[in-house]
Amino acid sequence: MLNFKHEICSDLAQANQHEWLETNGLGGFASSTITGLNTRRYHGLLIVATKPPVSRLLLLAKLEETLIINEQRFDLSVNQYSGAIHPNGHQYLKSFRLDPFPIFTYEVEGIEIEKSVFMLHGENSTVIQYKANKTRRKNVSLEIRPLLAFRDYHSTTHENNALDAAWYSTRSGSDGVATTSVISLQPYSDLPELFFAHNACEINSTGNWYRNFEYCEERARGLDFIEDLFNPLVFTFTLKARSRAVIIASTQMHDINDLAALERKELKRRKAILALAEIAEPIATASGTVPMLVAAADQFIVARGEQKTIIAGYHWFSDWGRDTMIALPGLTLATGRPEMARSILLEFAQHIDRGMLPNRFPDAGEAPEYNTVDATLWFFEAIRALTEHTNDYKFVRTNFYDVLNDIIDWHVRGTRYNIHVDTDGLLHAGEPGVQLTWMDAKVGDWVVTPRHGKPVEIQALWYNALCIMKDFAVKFGDDEKAREYEAMAARARDSFNQQFWNEAAQCLYDVVNGNQRDDSLRPNQIFAVSLPHSMLSVEKSSRVIAAIERDLLTPVGLRSLAPSHPNYRGRYEGGILERDGAYHQGTVWAWLMGPFLTAYLKIYGLGGHPKITQLLTGFSTHLQQAGLGQIAEIFAGDAPHTPCGCIAQAWSVAELLRVISAQSKSDEELPDVTSVNSAHHN
């Protein structure tokens, strides 16, 4: 449980830095700050995925709330307008807690009102309820005015004449018995119908536009930050001691008499997810860190058709092939949910084309994009991790072995974007104007980090994939393929050591392209150590770790470029041009802490434990910042390493869980320095 007292809740400068997130397993979500002040265009109470997990629409932006005590009005809401905060409901906010979903406690004139928000899993539905804990027998009522956006969640809406302000009151129930009042409305004919199940005692039409809300986070990002919202009606509830005012906002009809059962079901579901993850709490982390990370992991696993996929980050990412494959072991295997891993892998296997995994499924539901060289190679590692976890080789043989062989064949003969195996056995990739690695920032025609040729982590992933395939071939009695993959791996290993070792810097080059050697110190070389199959000797691996630890390591991840480099950018801020220019030029990435700690444990064995537990400590604090109970996408390169980007990123959470899970194994299962990776050479 995370708890914030009045001192923080009443200080908007602090409160705005803490955001909560509820998700529904479909790609939809609800989110805002701990005061309910929306600082982003992505904040709202009901964001729905109309083609799960994409085509997301923000339907219900917020509820304006007024508590009426003996005819005296007290506004509980808070909004940012141009040059003004109005109303100032945060002054009544006694506390906010995440337990396990957002709970706001207001106190006005001795009356305490507790508000909770949670989403129903598998539905585009958000439940908002208010409970009067103290009333002193006064005449107390609550007015709720829903503010509608009804627009693409990347956009903003503005006052217009096309909106249909009509709403209809119906009754909902089961077996033909009407038990609940339901309001239905559809402001635009081509967008979903919205239902409000409620127990209000009175409803009145309003038809008002609330104009010029300002979203300070969007303004800081150089994006559209002003919006108008529409209020169609007002609900009035009478509050008595221990009574509840309830609104279920949904794209389907609900009966609020089912609310208790729905809430119990959701709490039971979340408790069951925690029970599946048998991960010991690291000594150095604060109590509750692992349960929070496990709960966070669940928020990224969502539906895609009949199978599952992984949302890369909230608020604005969809499911990306690269992110999904990297995050899969931590989100599913470390949390005891291998069936989710199987489903995700089966789903992505359906979309392989010309030996490539899709990089991104666009938000509007268009055809997937195939513009990545590494997502496909991470697919091999995700399958290996699943097999190691389950020992289910039959599943791999039935569903993936032929697919993986075909992928290798495509890479040997060549596929999109000049991706092909060169004569030296290494993997070449790249065309002008295209970003194929995870360092993919591009603004217009400006490619921020062109890494054409042979990027270091691509070679590490290629070698790892070849070794995985050799092992599968041996297991499946495919001797010819086993010999072929072993020879290919040996060729790649020898070429890699000849071309990539930077003797002067005692680490690896970032990219080799013909006679060109990029000696920029970046974190990509850590994968040449951290992946299960490595081309480096223990000695060279330890030197790579030392170089990264010296110049790139921070308490919250690895910098994407050494501060000594002339292109280093220590702050991630400004408009699109400035932010994308810093994205991989010094910005810290939390997910990279995973491979760094894996490499450290791999090379230093049991002796690496103190370092690992020390580095995990910083994330215990971060879980109470930015996205509550979540790990941010990125952090500023310069101290104090302010969280930036998405407030909740799948691979950030996943890589921490993967490492913590590995560390929690018994000492007997952990390597010592003399038994590290039999595949090491040179």
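Residue-by-condition table, conditions (1) assigned to a helix (DSSP H, G or I); (2) crowded, with 19+ Cβ neighbours inside 10 Å; (3) at positive phi; (4) in contact with a strand residue (DSSP E or B) (Cβ under 8 Å, 6 or more places away or on another chain):
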{"residue": "ALA296", "(1), (2), (3), (4)": "yes, yes, no, yes"}
{"residue": "ALA303", "(1), (2), (3), (4)": "no, no, no, yes"}
{"residue": "TRP316", "(1), (2), (3), (4)": "no, no, no, no"}
{"residue": "THR324", "(1), (2), (3), (4)": "yes, yes, no, yes"}
{"residue": "GLY330", "(1), (2), (3), (4)": "yes, yes, no, no"}
{"residue": "THR335", "(1), (2), (3), (4)": "no, yes, no, no"}
{"residue": "LEU345", "(1), (2), (3), (4)": "yes, yes, no, no"}
{"residue": "PHE348", "(1), (2), (3), (4)": "yes, yes, no, yes"}
Next item on the list: Could you list all residues from region 40-79 that are assigned to a loop (DSSP other than H, G, I, E, B) and over 19 Å from the mean Cα position of the chain (by Cα)?
Entry: ASN70, GLU71, LEU76, SER77
Notebook entry, point to check: Restricting attention to region 350-380, and to residues there that are part of a loop (DSSP other than H, G, I, E, B) and of a type in the set (A, V, I, L, M, F, W, C), which single residue is farthest from TYR401 (Cα to Cα)?
Noted result: ALA364
Notebook entry, point to check: ILE34: hydrophobic (A, V, I, L, M, F, W, C), touching a residue at least 60 places away in the same chain (Cβ under 8 Å) and buried (at least 24 other Cβ atoms within 10 Å of the Cβ), yes or no?
Noted result: yes
Note to self: Show the residue pairs meeting these rules: Cβ distance below 8 Å; 6+ apart or different chains; first residue within region 237-266 and on the phi < 0 side of the Ramachandran plot; second residue in a helix (DSSP H, G or I) and crowded, with 21+ Cβ neighbours inside 10 Å.
What the structure shows: VAL246/ILE256; ILE248/ILE256
Notebook entry, point to check: Which residue pairs have Cβ atoms under 6 Å apart, sit 6 or more places apart or on different chains, and have a first residue in region 106-131 that is among the β-branched types (Val, Ile, Thr) and a second that is open to solvent by 30 Å² or more (accessible area, probe 1.4 Å)?
Noted result: VAL108/TYR92; ILE111/LYS134
Check: Got a sec? Which of HIS584, HIS622 is at pLDDT 90 or above and either of a type in the set (Val, Ile, Thr) or in contact with a Leu (Cβ under 9 Å, 6 or more places away or on another chain) (or both)?
Finding: HIS584
Item checked: Given (1) within 24 Å of ASN399 (Cβ to Cβ); (2) touching a residue at least 24 places away in the same chain (Cβ under 8 Å), index of the condition PHE496 fails -> (1)
Margin query: Looking only at region 211-244, filter to residues that are hydroxyl-bearing (Ser, Thr, Tyr) and assigned to a strand (DSSP E or B); which one of those is modelled with the lowest pLDDT?
Written below: THR238
Next item on the list: State which residue is farthest from SER125 (Cα to Cα) when the search covers only region 244-281 and only residues that are surrounded by fewer than 18 Cβ atoms within 10 Å (Cβ to Cβ) and touching a Gly at 6+ places or on another chain (Cβ under 7 Å).
Entry: GLU278
Next item on the list: Having 2 or more residues that are touching a Ser or Thr at 6+ places or on another chain (Cβ under 9 Å), under 24 Å from ASN231 (Cβ atoms) and not aromatic (Phe, Trp, Tyr) is the bar; report the strands (runs of 3 or more DSSP E) wholly within region 99-154 that clear it.
Entry: 111-119, 125-134, 140-152
Next item on the list: Among the residues of region 114-160, count how many are at pLDDT 95 or above, more than 25 Å from ARG211 (Cα to Cα) and of a type in the set (Lys, Arg).
Entry: 1
Next item on the list: Please enumerate the residues belonging to region 353-367 that are free of Cβ contacts under 8 Å to residues at least 60 places away in the same chain, open to solvent by 30 Å² or more (accessible area, probe 1.4 Å) and in contact with a strand residue (DSSP E or B) (Cβ under 7 Å, 6 or more places away or on another chain).
Entry: ARG360
Margin query: Consider region 613-649. How many of its residues are open to solvent by 10 Å² or more (accessible area, probe 1.4 Å) and of a type in the set (D, E, K, R)?
Written below: 1
Check: What tally of residues in region 599-619 results from selecting those that are without any contact (Cβ under 8 Å) to a residue 60 or more places away in the chain and in contact with a Gly (Cβ under 8 Å, 6 or more places away or on another chain)?
Finding: 1
Notebook entry, point to check: What about LEU521, is it open to solvent by 50 Å² or more (accessible area, probe 1.4 Å), out of contact with any Cys (no Cβ under 6 Å at 6 or more places or on another chain) and either assigned to a helix (DSSP H, G or I) or among the hydrophobic types (A, V, I, L, M, F, W, C) (or both)?
Noted result: no
Next item on the list: Could you tell me which numbered condition ARG97 fails, if it satisfies all but one of (1) within 30 Å of GLU366 (Cβ to Cβ); (2) surrounded by fewer than 22 Cβ atoms within 10 Å (Cβ to Cβ)?
Entry: (1)
Margin query: Considering only residues that are of a type outside the set (Ser, Thr, Tyr) and in contact (Cβ under 8 Å) with a residue 60 or more places away in the chain, which ones fall in region 562-577?
Written below: PRO563, ARG569, GLY570, ARG571, GLU573, GLY574, GLY575, ILE576, LEU577
Next item on the list: Could you grab me the full set of residues in region 426-454 that are under 17 Å from PHE380 (Cβ atoms) and either surrounded by fewer than 18 Cβ atoms within 10 Å (Cβ to Cβ) or not hydrophobic (A, V, I, L, M, F, W, C) (or both)?
Entry: THR437
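The values are calculated or read from the model by the stated rules, or taken from the named source; none is laboratory data. In this text the structure is predicted, and so the values were computed from the model without any measurement. Every residue, glycine among them, receives a Cβ derived from its backbone with ideal geometry; neighbour counts consider all protein chains shown. Quick note on the areas: whole protein, heavy atoms, side chains included, nothing else; ligands and nucleic acids left out. Shrake-Rupley method; radii C 1.70, N 1.55, O 1.52, S 1.80 Å.
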